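The values are calculated or read from the model by the stated rules, or taken from the named source; none is laboratory data. Keep in mind that what you see is a predicted model, and the values were worked out from it rather than measured. Heads up, the Cβs are rebuilt from the backbone with ideal geometry, glycines too, and the neighbour counts pull from every protein chain shown. Please note that ligands, DNA and RNA were not included when accessible areas were found on the heavy atoms of the full protein model with its side chains. Shrake-Rupley method; radii C 1.70, N 1.55, O 1.52, S 1.80 Å.
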Amino acid sequence: VRDIAIGGDAPVSIQSMTKTDTTDIEATVRQIRALATAGCEIVRVAVPTIEAAKALPDIRREANKVPLVADIHFHPQFAIAAIEAGFDKIRWNPGNIRNPQRVRDVVDRAKERCVPIRVGVNVGSLDPECEAAHPHDLVEALVQSTLKSVRLLEGFGFYDIVLSLKSSDVLQMLAAYRRMAQLCEYPLHLGVTEAGLLEASTVKSSIGIGALLAEGIG
């Protein structure tokens, strides 16, 4: 991600996310800078609306010292806008963006700019077919949703991929990452989704992320 290596023998990198309204450029840039000052190496920014997508060039220009990730949940054209704005990485939620041609449009642009894509799967937005195939095993549904998305990207000749398999349940998250680590060689971005407020999220994230790092995963 720009000059930050992820995976392999690279040091573990620290990523966080702004919680501002992305359309508030001044507040978002201020939070990006504060995160960087605190030691954050990569910052993710939510892009839920066309107005947020339009703010990305200004955010990139004002926060040009930190690698930035655009978090895309529903609209592939926002991913293309982020790449055009100079963002360094895309997080794609495959449970919400399933049209192969629209994904290919993003992949083609990402290839041109050497922008990696994180396949960001979580239990709240699984691939419907994978969820239906494993109705009583959310861990397997997470893993299969991720693998399906990986195969889609690989089918387009794209391999600059990072994976995440998040759950708000720490045991589910641990099981999903452990299984994925056995199935592929892609870098794994670790996290507990919707972990809660400060004290609860600190405990859950420390246990989930720390346990996996101790095992050499992520």
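Quick notes on this one:
- Shape class for region 1-84, computed from the alpha carbon gyration tensor (a ≥ b ≥ c): oblate, with a/c not under 1.5 and a/b at or below b/c.
- Residue pairs, from the table 54/204; 89/204; 89/166, whose Cα atoms sit over 24 Å apart: 54/204; 89/204
- Overall dimensions of region 1-158 as given by Cα atoms, namely Rg and Dmax in Å: 15.9, 47
- Fraction of accessible area attributable to carbon and sulfur, region 1-71 (%, probe 1.4 Å): 52
- Of the residues 56, 38, 68, the one whose Cα sits farthest toward the positive end of the charge dipole of region 29-79, with +1 on the Cβ of Lys and Arg and -1 on the Cβ of Asp and Glu, is 38.
- Note on exposure: 21, 9, 58 ranked by accessible area (1.4 Å probe, complete protein assembly) read 9, 21, 58, with the most exposed listed first.
- The residues of region 1-124 expose, per residue, 48 Å² of accessible area to a 1.4 Å probe.
- Pair residue 19, residue 99: separation of 7 Å Cα→Cβ label points (nm): 3.4
- Gaussian network model of the chain, springs between alpha carbon atoms under 10 Å - residue of 87, 156, 78 with greatest fluctuation: 156
- Inter-label distance, residue 206 to residue 113: 3.8 nm, where each label sits 7 Å from its Cα along the C-beta direction.
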